[in-house]
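A.B. asks: Attaching a single structure in structure tokens format; questions to follow.
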Amino acid sequence: MTAMSPPPRRTQPDLSYLLDHTGHVLRARMASALAEIGLTARMHCVLVHALEEERTQARLAEIGDMDKTTMVVTVDALEQAGLAERRPSSTDRRARIIAVTEKGARVAEESRRIVDGVHESALASFPEGDRETFLALLTHLAEGDLNAPPATTAPSARRARQRN
């Protein structure tokens, strides 16, 4: 092939680009909206999942797809803001859990409304009848063929998120 040859014709839509681009824009919108109340998406994730049940910092890191260092920084920020605190577990005296404060619970409720609004805004670009179909198909993809990366020796750019 020479430099003047036309590029190969695409036979399928560029699914990687579509998912990456829309994911990037959605994350940026989420970051901007949550920043208005002083939270990051990670802080929001820790707060809402810590409110659901008693969870250790390690378990919350798995749920939020965070490494240890990122989790420590996130919890430090939540503690500094008075939104959460580290406490001994009621079931395992060796473990420490992340407990949400009353102020943190109020902020988590507000952040959940913000997150829901960002999601609703994104879905509003579809005709109403197509929203459920889109979500069902995307869920099917995420829980099916694209549930986990292939086993490979090549380094992964991103850890697979653990589902609870």
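The values are calculated or read from the model by the stated rules, or taken from the named source; none is laboratory data. None of these values were measured; they are calculated from a predicted model. Cβ: placed from backbone, ideal geometry, glycine included. Neighbour counts: every protein chain shown. To get the accessible areas, we keep the full protein, side chains included, count just its heavy atoms, and leave off ligands, DNA and RNA. Shrake-Rupley method; radii C 1.70, N 1.55, O 1.52, S 1.80 Å.
A.B. asks: Can you figure out the FRET efficiency of ARG9 with VAL72, using R₀ = 45 Å and their beta-carbon distance, to the nearest 0.05?
C.D. replies: Details: r = 49 Å, r/R0 = 1.09.
E between ARG9 and VAL72, to the nearest 0.05, is 0.35.
A.B. asks: Which order do the peptides 67-76, 44-53, 96-105, 18-27 come out in when sorted by mean C-beta neighbours inside 10 angstrom, highest first? The partial results should precede the final answer.
C.D. replies: Numbers: 67-76: 14.7, 44-53: 19.6, 96-105: 17.8, 18-27: 11.3.
Those peptides, ordered most packed to least, come out 44-53, 96-105, 67-76, 18-27.
A.B. asks: Continuing with this model, one more query. Out of GLU36, GLU54, GLU85, any idea which swings most in a Gaussian network model of the chain, alpha carbons joined below 10 Å?
C.D. replies: GLU36
A.B. asks: Let me ask something else about it. When the accessible area of the chain is split by element with a 1.4 Å probe, what percent falls to carbon and sulfur?
C.D. replies: Here it works out to 54 percent.
A.B. asks: Taking the Cα-to-Cβ direction at VAL25 and at ARG93 and moving 7 Å from each Cα, how far apart do the two end points lie in nm?
C.D. replies: Those two pseudo-labels are separated by 5.5 nm.
A.B. asks: Now a separate question. Keeping all protein chains in place, calculate the accessible area per residue for the chain (probe 1.4 angstrom), answer in Å².
C.D. replies: 73 Å²
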